[in-house]
1. As a footprinting exposure proxy, order 399, 341 by other Cβ within 10 Å, with the fewest listed first.
2. Could you give the length gained on full extension between residue 408 and residue 277, defined as 0.36 nm per residue of separation minus the Cα-Cα distance, in nm?
3. Just rank 239, 424, fewest to most, by other beta-carbon atoms within 10 angstrom.
4. For segment 404-432 and segment 328-344, compute the distance between their C-alpha centroids and round to whole Å.
5. With the crude spin-label approximation of a point 7 Å out along Cα→Cβ, what separation in nm comes out for residue 394 versus residue 191?
6. What FRET efficiency comes out for residue 430 versus residue 253 if R0 is 45 angstrom and r is the Cβ-Cβ distance? Round to the nearest 0.05.
7. Can you give the extra length, in nm with one decimal, that the chain gains between residue 177 and residue 130 once fully stretched, where that is 0.36 nm per residue apart less the Cα-Cα distance?
8. Between residue 350 and residue 244, 0.36 nm times their residue separation minus their Cα-Cα distance comes to what?
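Only the coordinates and a few stated rules stand behind these numbers; no lab work does. Everything numeric here is computed off the predicted structure, so don't read it as measured data. Glycine gets a Cβ as well: all are built from the backbone with ideal geometry, and neighbour counts include every protein chain shown.
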């Protein structure tokens, strides 16, 4: 090898080695002033008035640091709690952790304890658990926990949890992601004759801005099955929940919300076999979310300062939120599909509300103005054979006789719409003026 190349390689090795030695000290010097602030950033804005984080101790060496934080929780279990976090911090850039090799500025193993835990009666012993905190080079922060298997048994019942893991990552731009996975859970409560088994639960959620409830976000929850042996035998499988919040195609200042619940199969003595429910609220003005956050933050601040929310205050907040919704337009869609009494049924409902921006007091809302502004479309489809075997059989027969329900090839149908104050049911126009008078 050429001598110049050898010198270059040797110089690079020396520089890397020096960096690996110097970097931990540089990182350690910057940890003390930033950790508490980053921890608070991981708390949603709506809850910050009920949580306080204070650093009470910090000691730093070249490659390691130790720190202690006191986290105050307001009005938990009807009393204020103090959670003490003891951090054993390793300075980066490399860490060998239970999650494998990680890169970052600092990695902390966290040992929590509750100062006033002795005053709280817990239903079972806490299992062994691990907490960690990882600070990245890009100002990101990740917190995680894992619980080992725990098996608790007493005269009152039996609880078996085979473990769970959870992590929460917050980026410098305030985007965040949470992941949760729980292993098998068995619960038996002797006094109430309850026995439930859940083989697992997994959840994944992401938001582009943790501090903004209207920011683009999505979440999903999956439960393979829930088996109940008593007091009744029920097995529910294929449970999934999805939700999304994002900017509406109708405008940059409007938000769309989507939620879906699916239960693929139900095995029990109950008449229901499956459910699929999709709900959407579209074209919501972002001012609704902004005002909601302001009102909620004010209420929480009042409670945190020792004031109790009175019914009048809650009613006032409710009226303000309703007024906001009435002033602004939105579109509500609801689709329900279910298998009941051995047949498939479907309900499709869409409501369009244009908003009344000139309304300044909810008490001034005129019912005629409200009805005339609404546009509603409803489609109901029932399996005739299943419907006639259900508790609503008499109603179905009566409505078919009156022409409100139509029967077509084994399907009971209802087609209805409301527009410009006119109600149309199965092509029959029914003006609503006769029902409302000034």
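1. Numbers: 399 15, 341 20.
If I rank by nearby Cβ atoms, fewest first, I get 399, 341.
2. 44.7 nm
3. Lowest count first: 424, 239.
4. 17
5. With each label placed 7 Å out from Cα toward Cβ, I get 4.1 nm.
6. 0.75
7. Extending this stretch completely gives an extra 15.0 nm.
8. Details: separation 106, 0.36 × 106 = 38.16 nm, distance 1.87 nm.
Difference between extended and current length: 36.3 nm.
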